[in-house]
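Inspection log for the structure reproduced underneath, given as structure tokens.
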Amino acid sequence: MTLLYCSQGHENPSNHRFCLFCGEALTPPLQNQEGLLGGRYRVLRQLGQGGFGRTYLAEDTNRFQEYCVLKEFDPQVHGTEALSKAEELFQREAGILYRLEHPQIPRFREIFRASVNGGRLFLVQDYVDGDTYLTLLRQRQQQGTCFSEEEVKQLIYHLLPVLAYIHSLGVVHRDISPDNLICRRSDRLPILIDFGGVKRMAATVISQTPGAVMPAQPTLLGKIGYAPTEQMSSGEAYPHSDLYALAMTALVLLTGREPQDLLGADRRQWHSMVRLSPKFTNILERMLSPYPEQRYPTATAVLEAFGAEAVIAAEGALLSTPTPELTSTQTLAVSPATTPAPAGARRSKGGLRLVGISLLLTGLAAGGWLVGDRYLKARTPEPSPTVPAQSEQNNIPPEPEFSAAEKARKEALIQQRQRLGIEESFLVALVNDTFYAKNAIGRPLTREPKDEAYRKEWDEIAQDYLTRLEKISKDARSRLGRYTNADLEKRRNAVNQINVSSRTLNDLTDAQFAYLMPEQPKQGKLSAPMMQVWQAIATEQLTQLKAGKNLARLNFSSGANSQQVEGDLQPGQGKVYLAALEKDQTVQLNLQAKDQSTRLSFYPPTSERSPLLEDTQATEWSGKLQDSGLYEIVVIPNSNQVVDFSLKLEAEAISPPSPTPTTTIPPVEESP
């Protein structure tokens, strides 16, 4: 089924006009019968969906139906003046992308506005024929394999010159991952797509445009698990941030596992999943250091660590790549940051294409390696007239330093998180959700002094959540960020084995969740950070049910028609009672506790029947039963204090009890 997404990324059925979660108006995807966009582009199909709009495959009718990619930009602005301002800012920021001319980066063509869906901005890029590395990995996994060490090393060798090139221009990709790398079919070289800078310019437009609708939380410039923690928390990215993401991408391709499964508390969990050469292992470990100052500072440094083999592979890949034609287009293009080549001009193999590798070779020559010196003499190009061959970090400002107090505070958070065994990517996502809901600043935090108070608040939220999560068992807590729909099904099957329904388990889970996270609603997709907490609690509650800690059986004594139990409820901890009852029995259930301090549920043996009581403050129920079997009575606290209670069940015309459950449940002694 086709899904529609709002600007916040909420999933909605295709027949809905408004978002089910936030109420935002939804717009349907473009269809190829809607005519030409910008007077020349014919939409063929939708390729993807992001927080700022959709991506389409299109034909350029001005270039003999050549394929291209249209990226829709919908900044949620209102009015002609606001849209005009958005376009102006978008064109200004797009100049960064216009400067990127490399055979392993899709060429940026233009941006234009089309009068569809109330007016949309579109960014046009070259189409790359090939499969993403994520697709290739999934294909291999179906055959029981992943990428080999040699294949992954070749991928890194071929990407380092690309990173050296963009970093030399002061550009950081920000979003390297297997689905943002395409293996081009024509030459099998990796192509770097979907620069995070596009998201950054979109965020800039939203924050600076009058009438723009500000998202509660700014779009993350990077993927959880792939981007380093400081990038996800502050939004600041540097060359070493891309190198971190590249190393994580390598491990995902080598193991077939998600980033959250690879590090663990000691950041070495992946060692048990794949055997690599010592040299490659050491390089990946340094690229993945949690401390930015300990990572390789540049792509050149990584290549130096690999040695001559990497230099030869990278140089050979660039020299064998055909240079694309650069032709003029018939629509208005973005004003470039530098003077572009004349229409129809071809760049020489010794020009701009080799800037990245020349930087790497220069670094190796300085190290005194023979292969570096040999290639410098034979291959070093003259500097390009449009992009000087400068240091990779010339245009990238140094990272501002935190104060000693802030460093100590953040170090304490790291130590507490590691002690609890919680993945850093999960904690960052969890805290971001809460922080940006409270502070609608419309941008990521920076390391600048102006954000010092915000950073302190962020750290305080993190500290608070770590304290709360410590109350969840270690086993359940260790999988935060990795629970899936499959875990939901496993819990359902497991709880049914002990004659308890999933709705009873949900009642117990909701009670503990409300106690630990009283200000947080239980909503959103199961993959959302707060719903991951809910899943961890559900896992813990299932363990307690199986151990009989919060589950008991109400057995009627011989000749008796009632049973009464007394006890207390700890904050967030409910209790479940099972009773074997017969069809057509008249039953009366009564709960005595302090006013409004409990919630009561009474479930029939089958989920096809509606609950007799469900999570209600009512304290009694009476009536005739429609089914025979084990009925569930759930009592949960509605208070942060210990609650004393008394529960009485009366049943007329009691028949012999049904067979006992497969799992032994401790009987409850009848109160005197």
Show the residues, 5+ positions off or on another chain, whose built amide H is closer than 5 Å to the amide H of Gly48. Thr55
Rg/Rg_globular for segment 404-470, with Rg_globular taken as 2.2 N^0.38 Å and Rg from C-alpha atoms: 1.09
For a protection proxy built on the mean count of beta-carbon atoms within 10 angstrom, sort 304-310, 623-629, 189-195 highest first, please. 189-195, 304-310, 623-629
Each residue of segment 538-543 in order: what ³J(HN,Hα) in whole Hz does its phi give by Karplus 6.51 cos²θ - 1.76 cosθ + 1.60, θ = phi - 60°, with x for Gly and Pro? 4, 4, 5, 5, 4, 4
Within segment 571-592, which residues have the backbone N less than 18 Å from the label spot 7 Å out from Lys471 along Cα→beta-carbon, could you tell me? 571-575
Could you sort 530-542, 588-600 so that the peptide with the highest average Cβ count within 10 Å comes first and the rest follow in order? 530-542, 588-600
Compactness summary of segment 551-651: radius of gyration and Dmax from Cα atoms, Å, are 13.1, 39
Can you give the extra length, in nm with one decimal, that the chain gains between Lys624 and Gln139 once fully stretched, where that is 0.36 nm per residue apart less the Cα-Cα distance? 168.9 nm
Residues meeting the amide H criterion for Glu258 (H placed from the backbone, H to H distance under 5 Å, 5 or more places apart or on another chain) are none
Segment 438-509, Kirkwood Rh and Cα Rg, ratio Rg/Rh at 1.19
To the nearest 0.05, how large is the calculated FRET efficiency for Arg267 and Ser607 if R₀ is 45 Å and r is the Cβ-Cβ distance? 0.55
Provide the convex hull volume over Cα atoms per residue for segment 243-314, in Å³. 92
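All of the numbers you see were taken from the coordinates with simple rules; none came from a lab. Note that the structure is a prediction, hence the values are computed from the model and not measured. Neighbour counts are summed over all protein chains in view; Cβ atoms, including those assigned to glycine, are modelled from backbone coordinates with ideal geometry.
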